[in-house]
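Notes to accompany the following structure.
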Amino acid sequence: MLCPARRFSYDQHMPCSSVQAVALAVLAFTSPWAWSATKPDDQPVRVGPQVIEGRAVGVGRLAVLPKVGLVAGGELTLRVEDRATVLVMTSTTCPLSRKWLPILSTLEKGWRRRGVRVVLVDVQGTDAVDEFAAFLAAADFQGEAVHDPERVVAKTIGASTTTEAFLLDDRGTVRYRGAVDDRIGLGYVRNEPRSTPLVDAVDAVLAGRSAEPAATTSPGCELGLEVGQPRLERTPTWHGSISRLFNVHCVGCHRAGGIGPFPLDVEEEARANAGMIARQVSAGLMPPWFAESVEGRGHSPWLNDRSLTSEEQEAIVTWARNGRPSGEPGRHPRRVAAERPRLGAAAEWTIGTPDLIIPIPEEIAIPAEGYLDYVNIAIDPGFEEDRWVEAWELIPTALDAVHHVLVFMKEPGHRLDQGGYLAAYVPGYRSIDYGDPRVARGRSIAKRIPAGSQLVFQLHYTPNGLATSDRTRLGLRFADRPPEIEVVTASASNRRFKIPPGAPAHPVEAVVTLPRDVEILTLMPHMHLRGRSFRYELESPEGVRSTMLDVPRYDFNWQLNYVYREPLAIKRGSRIIASATFDNSEGNPANPDPTDTVRWGDQTYEEMMIGYFEFLLPTEAGASTAGNLSAEGIFALLDRNRDGVLSRRECPERYRGFFTRIDTDGNDRVMLEEMERGLRRQRGE
């Protein structure tokens, strides 16, 4: 059971302050050209690297290299003595490749001393070997090279452009692919880079960390090949493909201390449980991921998508049912593995060491059997000022008996349902890091705990045959300063449904109209044991509908939070339509009572219909350069209760005169449209 936020109540309250006063001052005094953000139509196109999803382009897979020769003699193979290998696609005729060669030559010399091997692969079909050798010599490139006119390497590894780099670790796993850095792109050259993803990835691999970002686009000369993932082994083995697939999709839960019943980062454990693994994977039950793929999208829109492709499913099932071969241990040199942490061996706190750990006051006894009512505990953390949470994590001590934990924020003078949830633990979801570069994308993002708030823990336990106890802990990592962007929690919910006895697919709908432009960060549907399906749809102000998230097979045991890879920008006036179906029939084996008429209620034998979503709004810190704010940005700052209406009470007293001028109908309420008209008049438009 999860308690709802108010029905799209913008449930964080921003105090009026000097920054809000500055915002109104800007309305009154800013010059017209300060508001223009349009670019001339004839501006040349300049394209640099863009972050993309790593696993969609093969990061985490084994790079099976073809048998090709090196220019200096010998064959291209992974060497035990190398801590990492960098392959870069190149060409003597591509202008961008020529510009990159001196940079790669310098990087190679420094990396060689650290045990990193650099191999340039010539993918230009018309180059002669001697031309390629002269090309390398002119830049004093002292690494290794492959002359590959048939593009065998590029086809095998799935390369897309001449400048693309692939970073392989000591096991041959692709750990990064994409641009070297962003100093050279399509239509521009800079002396110094602003981001260095390949250098950062090499440093991460040598330190035993995962690369971030794991993949980018790579502006260069297009190869015209079908961009894909590195091919899986013809015969899947543990040391080849299988351990890597488990590491990407399964080890987050199936590890020591995780909620999985057995670890999958240990070969012996995986082999012993291979029968169960094959059954669950072939049935599509593992790994747990319930979002339907969205037609027309090249890759998953979800940052935390853990689903397997049909090829990956087949590889795991083939391995499990055909002898579970170990493969070549030499691909994972034990000497190197023992010297640094293995990727996937997660620490207790996945967000790093928290700045504050808040345990519930005492252990909760959980009996071996029976039913437990929800446990609600209010804790005063003693926050005398607003605190900005950059990352949070919930860790129960009785993982196999905790169904879910929610932590709500209760502001002084407000009801509990007027505040959004701060953190949530459900199977498969226990933390989020708003500072993750994949989420933040260059912005500072955090969630606000208002000063004086209590944190209310709601804990749901499910006895599992063994008496135990739990003392859940909440870990918080705070931002160093107020962020530019605030994460706000809201929901589309319906409390007034009535599910008839025996109904196999009873529909319930909830609709929210967005009063301003927002960016949606996460979606989390919630129902109880009769929940059958859930869908989020977006209806534009023009009435065009599109699917945001479709969960055709909802599972109460796996309540997942779906995190957008790129926050979804939604225009003011759009509607989020949440549609759920409930199965109250005898055909639902989890149904507590098919003869009951079911209504809203806290307990699992009752029902809920909530479509949670988190969205992003600018904060006062983000408005520090107020001259660049739009009318909508200023309105968002002043609308303290987030109801889409600016009241006279919310306006600083010294600017009440301006409020009166823009309140043209004299009702002491200003809508965004009125502010926009007032701003245009102020600028003389």
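A few comments on the model shown:
- Using every pair of separate Cα atoms, the Kirkwood estimate puts the hydrodynamic radius of the range 160-268 at 16.1 angstrom.
- The charge dipole of the range 63-206, taken about its Cα centre with unit charges on the Cβ of Lys, Arg, Asp and Glu (plus for the first two, minus for the last two), comes to roughly 340 debye.
- Of the residues Met524, Met609, the one with the fewest other Cβ atoms within 10 Å heads the list, and the complete ranking is Met524, Met609.
- Straight-line reach from Lys410: taking Cα to Cα under 25 Å and skipping same-chain neighbours fewer than 8 places apart, the lysines in range are Lys447.
- Set of lysines near Lys99 by C-alpha distance (under 20 Å), chain-local residues within fewer than 8 positions excluded: Lys109
- Spin-label model, Ser469 to Thr597: label points 7 Å out along the Cα-to-beta-carbon direction sit 4.5 nm apart.
- The range 60-136 and the range 542-576: distance between their alpha carbon centers, rounded to Å: 43 Å
Values in this text are rule-based calculations from the coordinates and carry no lab data. In this text, all values refer to a predicted model and were calculated from it rather than measured experimentally. Glycine gets a Cβ as well: all are built from the backbone with ideal geometry, and neighbour counts include every protein chain shown.
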